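The structure under discussion appears below in the form of C-alpha cells.
The values are calculated or read from the model by the stated rules, or taken from the named source; none is laboratory data. On a predicted model such as this, the values are computed, not experimentally measured, just so you know. All Cβ positions, even for glycine, are placed from backbone atoms using ideal geometry, and neighbour counts span all protein chains on display.
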Amino acid sequence: MNKHFFSDMSVMLGRSMRHIFRSMDTIITVTIMPIAEMLLFVYVFGGAIHTGTDNYVNYLLPGILLIAIASGIAYTSYRLFIDVQGGIFERFHSMPIVRSTVLWGHVLTSLVSNAISILVIILVALIMGFRSSAGVLSWLAVIGILALYTLALTWIAAIAGLSAKSVDGAGAFAYPLLFLPFISSAFVPTKSMPTVVRVFAENQPVTSIVDAIRSLLAERPVGNDIWIALAWCVGIMLAAYVFAMRAYKKRA
Amino acid sequence: MEKAIQVNGLQKSYEKLHVLTGVDFEVEKGCIFALLGSNGAGKTTIVKILTTLLKQDGGTAVVNGFDVASKPDSVRQSISLTGQFAAVDEILTGRENLIMIAKLRHLKNPRQVADALLNRFGLTDAADRRVSTYSGGMRRRLDIAMSLIGKPQIIFLDEPTNGLDPEARLEVWKTVKELANNGTTVFLTTQYLDEAEHLADRIAILHEGKIIANGTLADLKKLFPPAKAEYVEKQPTLEEIFLAIIGKKEQKVQ
C-alpha cells in the first residue's frame, strides 16, 4: 500500500465531513427528519398500531435507523456528483496522490456520518423509552449489519452520483430506498397486510434486516433472519460495487 | 533547448468522432505555449491526455521526460492542472482550499504555504470566507494559486480566462507572465486570439484534429502577405474605455 494512503484519505475525509457539518440541510435531513418520524410514529400513530409488544419505540427503532441511512447516502451521491461536475475530481486525479482515495474518501465519509446520525437517533430513542437488554456481542452484530447496509447503499449512491446527468438525478434514486421500510415489518407487522403486499414485504431486504436487528436488540433468537439480512447486504454491496467501479472508470 | 512537452502523432476518437488525428508539437522549457482553436477543436482533449486524465488511442506524449501512458505517476509529480471551470471547493474557505492541496502534496508546512499564496494573490482579506461568496475573478485566482502549490514545473491552464470580466482577465494574464518569468512552463489553451497574442511565446493552431500552424507570433504573421501601411485614426477599444472608467471610479472612492 502506498505510504501516503492514510494521509490522503484523512484529507478527503476531513473535506467531506466539513461539507456535512456546514450544511444545515444535510443535518436536518439525515438526523432531525428520522427523529421527527420516530416522534410521529410513537406519539401519533403508535397508539393505534398493534405490534404485540408494549414498547413501540423498541419495535420502531431499527426501521428508523434504516431510513436515516437511506437519507444519508442520498447526500453521498449528491457530493460525488458535485465533485465530478465541478472539476475537483479532475484536479485530484491530475495530482500525485493515491487516486483511489478520491472515491473511497466519500465511502468512508458515508460510514462515519451515518454512524454519527445513528448514534444521535439512538440517544433520542433512549429518552423516548427505548430499552435493550442486548449484550456486547449482539450490539456488535447490530453495528455490523448497519455498517454493511450503509456500505451497500453507499455503492448504489456512488453509481448514481458518478453517472447522473443532473443534480436531481443524483438524488432521485434514493426515494425508493427511503420508501422501502414502509412496505416492510419496520412500522407494522406484515401479517396485517393484504397477500400481495405481504409477499413483497416479507421477501424484500428491509424486513429481514429489521427483524434481525430487532431480535438482536431484544436478545431473542435471530434464526435465519440474520443470514438472509447478511446475504442481502453483501449481495447488494458487491453488485453495486461492480457497477459503481464501471461508472467510475468511465469518468476517470 | 530542453523540451517540457513532446507530442507525436497523437490520436483520440470518441466512438465515431475523430477528435485528434495525428497531433505533433513540442514545448520548450520555461516558455508560454498557447494552443489555439475553436470550440470543440480538441484542445481540452489534448490537455486531458497530457495531464493523465485520458488515455490516447495512438501516438505518444512525453511530459517533463516521462511518457504519459507508462509513467503517469511521474507526470503527475511534474504538473498541475487548472481546468476549464475553476475547480475549487465552494464550501471550504479559500485558506482551507489551499491547505487541502498543500496536504495532498505532502508539504511540511501547509499553513505557511497557504498564507504566502493568499498574500501573493490578494486573497488575504477573503481567506476565511467560503469560496461560494467569491467573485469569478477571485475564484480563478484561488484556482491558479492552488495549482502553484508544490512548485510544479509545468502548469496547464485550460481556457483560464473563459467567463471572466476584463479586469479579472488582465489579472490572470499578469499571473501567467510572472509564472513564466520564474521558469515555469505554461501550457495554455484559449479561443481568444488576443490572449494568445498577448501572452504566448509560441502559438499552435489546432484545426480538424491536427496542428495546422505552429510558431512565434512573428512566424505566424509571415504566413500572411506583408503588412500594408495604412493610416487609421486610433480609436480606443471598448475594453480600454471600460477599464479607464472603472479606474477613475476606484480613484474617486479612494
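Put simply, of A:S94, A:S133, A:S185 the only residue that is away from every other protein chain (no Cβ under 14 Å) and either under 21 Å from A:S23 (Cβ atoms) or at pLDDT 90 or above (or both) is A:S185. Scanning the stretch A:223-251 for residues being in contact with a helix residue (DSSP H, G or I) (Cβ under 7 Å, 6 or more places away or on another chain) and free of Cβ contacts under 8 Å to residues at least 24 places away in the same chain gives a total of 2.
Restricting to the stretch A:34-50, and then to whatever is surrounded by fewer than 17 Cβ atoms within 10 Å (Cβ to Cβ) and of a type outside the set (F, W, Y), can you tell me which residue is nearest to the other protein chains (Cβ to nearest Cβ)?
A:A36
For B:A145, the requirement of being within 12 Å of another protein chain (Cβ to nearest Cβ) and either within 23 Å of B:R76 (Cβ to Cβ) or out of contact with any strand residue (DSSP E or B) (no Cβ under 9 Å at 6 or more places or on another chain) (or both) is not met. For the stretch B:155-213, the tally of residues that are out of contact with any strand residue (DSSP E or B) (no Cβ under 9 Å at 6 or more places or on another chain) and in a helix (DSSP H, G or I) stands at 13. Within the stretch B:182-189, is even one residue within 14 Å of chain A (Cβ to nearest Cβ), out of contact with any Cys (no Cβ under 7 Å at 6 or more places or on another chain) and not basic (K, R)? Yes; the residues of the stretch B:182-189 include at least one that is within 14 Å of chain A (Cβ to nearest Cβ), out of contact with any Cys (no Cβ under 7 Å at 6 or more places or on another chain) and not basic (K, R).
Restricting attention to the stretch A:3-13 and to residues that are under 12 Å from A:V112 (Cβ atoms) and buried (at least 17 other Cβ atoms within 10 Å of the Cβ), the residue that is nearest to the other protein chains (Cβ to nearest Cβ) turns out to be A:M12. Could you please let me know if A:F21 is surrounded by fewer than 18 Cβ atoms within 10 Å (Cβ to Cβ), modelled with pLDDT under 95 and more than 14 Å from chain B (Cβ to nearest Cβ)? Judged against the criteria, A:F21 is not a match.
Of all residues in the stretch B:148-170, those that are under 13 Å from the mean Cα position of the chain (by Cα) and more than 14 Å from chain A (Cβ to nearest Cβ) total 2. Here A:A170 fits the description: among the aliphatic types (A, V, I, L, M), assigned to a helix (DSSP H, G or I), modelled with pLDDT under 90 and closer than 30 Å to A:Y248 by Cα.
Residue by residue, here is whether (1) away from every other protein chain (no Cβ under 11 Å); (2) at pLDDT 95 or above; (3) surrounded by 22 or more Cβ atoms within 10 Å (Cβ to Cβ); (4) farther than 21 Å from A:S7 by Cβ holds:
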| residue | (1), (2), (3), (4) |
| --- | --- |
| B:P72 | no, no, no, no |
| B:Q77 | no, no, no, no |
| B:Q84 | no, no, no, yes |
| B:V88 | no, no, yes, yes |
| B:L92 | no, yes, no, no |
| B:E96 | no, yes, no, no |
| B:H106 | no, no, no, no |
| B:Q112 | yes, yes, no, no |
| B:G122 | yes, no, no, yes |
